[in-house]
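Encoded as structure tokens, the structure appears first; notes follow it.
The values are calculated or read from the model by the stated rules, or taken from the named source; none is laboratory data. Given the structure is predicted, the values throughout are model-derived calculations rather than measurements. Neighbour counts are summed over all protein chains in view; Cβ atoms, including those assigned to glycine, are modelled from backbone coordinates with ideal geometry. Keep in mind that these areas ignore ligands, DNA and RNA; they rest on the heavy atoms of the full protein, side chains included. Shrake-Rupley method; radii C 1.70, N 1.55, O 1.52, S 1.80 Å.
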Amino acid sequence: SEIRSLIRNTTTPRHVPKYIFEVDDIPYTISGKKVEKAVLDTITGRTVENKDALANPESLDLYSALPF
């Protein structure tokens, strides 16, 4: 609830996510950019096309285990 309140108070209520999960790692490309599409593909059960571009592809395993 603390995270939801912070988001609601600093942005708008429409930015408050339905789910908030703590994870140990976030996937990044080799050049250091966050990879949101790979996370979305993982949690929706789609195949991640270019895992070779990730510096830490094992981080996607954390997202496939999230309870939805």
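Observations
- The stretch 1-26: number of residues that are over 15 Å from Ala65 (Cα atoms), in a loop (DSSP other than H, G, I, E, B) and touching a Lys or Arg at 6+ places or on another chain (Cβ under 9 Å): 2
- Top-ranked residue in the stretch 27-57 [being farther than 19 Å from Pro67 by Cβ and among the small types (Gly, Ala, Ser); ranked as least open to solvent (accessible area, probe 1.4 Å)]: Ala38
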